[in-house]
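> Sharing a structure, written as structure tokens. Questions coming.
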Amino acid sequence: MVGDLGRPQPVGGRIAEALWGRLTGWEATPREHNLLDAALILLADHDIAASTLAARVAASTRAHPYAVVGAGLAALDGPLHGAASSLAFPLLAGVLEKPNPIDAIAERLRAGEPVPGFGHRLYPDGDPRARALLDMLGDTRARDAAERLSEVMRARSGVRPNVDLALAALTLEYGMPPDAGETIFAVARTAGWIAHALEEYADRPSRFRPSGDYAGQVPG
């Protein structure tokens, strides 16, 4: 994750305003702050995703809130979760440089590999978070690249964009590093983890205790 997030932040004010300057040198207007605010809100909670489950398991053992957030961050770090937008970033950057989006994804499609920024098992008809964030980006080069790429993916494989593509478009448009999306995701989801932890603290402790069944050969 990027940015000098360890430096003391001013008390009060919007998180988006404090975070923006840590991610890019782009001079933000209220519109850009509102855009980052929207991304933080859209990503704050998403039911029991992997990182949220990890956070709740930690909270069920009565772990300290800092440890709960640490558990969530550990799960979020995976390329199939919070780090997914950093994989979509270079793909989208490639579409900006090439007139035909198929050039950026042809090799993946031929190999049958998933294309980062697309598909979500909860949203077969498209991730509404992606649609909302892309719409807010307005008439920008990154949004245009995302839309062109989405059209090709829809025609070739029927797969729709997810929020990772929209987050990659946001970070690309405003000159943020490729892994800035992971930072935005983590800051946003921390609020959700704390809310889940508060619920878990009020519930029966250590309620997550699955049992394993041995499936190997019985020793002779």
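> Using the C-alpha gyration tensor of segment 1-147, what are the square roots of 5 times its eigenvalues, in whole angstrom, with the largest one first?
Details: eigenvalues 165, 105, 40 Å².
The three semi-axes for segment 1-147 are 29, 23, 14 Å.
> Amide H neighbours of A83 under 5 Å, at least 5 residues apart or on other chains, H built in the peptide plane: list them.
For A83, the qualifying residues are G78.
> Let me ask something else. Please report Rg over Rh for segment 171-212, where both radii come from the alpha carbon positions and Rh follows the Kirkwood definition.
Radius of gyration over Kirkwood radius for segment 171-212 works out to 1.28.
> Let me ask another. How compact and how long is segment 80-212, expressed as Rg and Dmax of its alpha-carbon atoms in Å?
17.2, 57
> What length, rounded to one decimal in nm, is gained on full extension from A50 through to A18, with 0.36 nm per residue of separation minus their alpha-carbon distance?
Taking 0.36 nm per residue and subtracting the Cα distance, the gain is 8.8 nm.
> So what's segment 53-101 giving for Cα Rg divided by 2.2 N^0.38 Å, two decimals?
Working: Rg = 16.8 Å, N = 49, 2.2 N^0.38 = 9.7 Å.
In units of the 2.2 N^0.38 Å rule of thumb, it is 1.75.
> What is the magnitude of the charge dipole of segment 69-197 about its Cα centre, with +1 placed on the Cβ of each Lys and Arg, -1 on the Cβ of each Asp and Glu, and no other charges, expressed in debye to the nearest 20?
So the dipole magnitude of segment 69-197 works out to roughly 280 debye.
> Something else: How much solvent-accessible surface does S86 expose, in Å² to the nearest 10, with a 1.4 Å probe and all protein chains in place?
Accessible area, nearest 10 Å²: 30 Å².
> Then there's this: Residues with amide H under 5 Å of F118's amide H, sequence separation 5 or more or different chain, H placed in the peptide plane at 1.01 Å from N; which?
Hits under the 5 Å cutoff: N162.
> Give me, ordered by chain and number, the residues 5 or more places off T61 or on other chains with an amide H under 5 Å from its own placed amide H.
S206
> Suppose each label sits 7 Å from its Cα in the direction of the beta carbon; what would the R110-S211 distance come out to in nanometres?
Rounded to a tenth, the inter-label distance reads 5.2 nm.
> Right, another one. For the chain, what % of the accessible area comes from carbon and sulfur atoms, probe 1.4 Å?
Values: 6610 of 11730 Å².
The C+S portion of the solvent-accessible surface of the chain is 56 percent.
> Kirkwood-based Rg over Rh for segment 145-220 (C-alpha set), two decimals?
Using Cα coordinates only, the ratio equals 1.25.
> Can you give the accessible area per residue of the chain, in Å², using a 1.4 Å probe?
Using a 1.4 Å probe on heavy atoms only, each residue of the chain averages 53 Å².
> Now for a separate question. Using Stokes-Einstein with the Kirkwood hydrodynamic radius over Cα pairs, what translational diffusion coefficient do you get for segment 65-126 at 37 °C and a viscosity of 0.692 mPa s, in µm²/s rounded to a whole number?
Roughly 241 µm²/s, to the nearest whole number.
The values are calculated or read from the model by the stated rules, or taken from the named source; none is laboratory data. Because the structure is a prediction, the values reported are computed rather than measured. Reconstructed Cβ throughout: ideal geometry from the backbone, glycine too, with neighbour counts over all protein chains shown. In case anyone asks, the SASA skips ligands and DNA or RNA and just uses the protein heavy atoms, side chains included. Shrake-Rupley method; radii C 1.70, N 1.55, O 1.52, S 1.80 Å.
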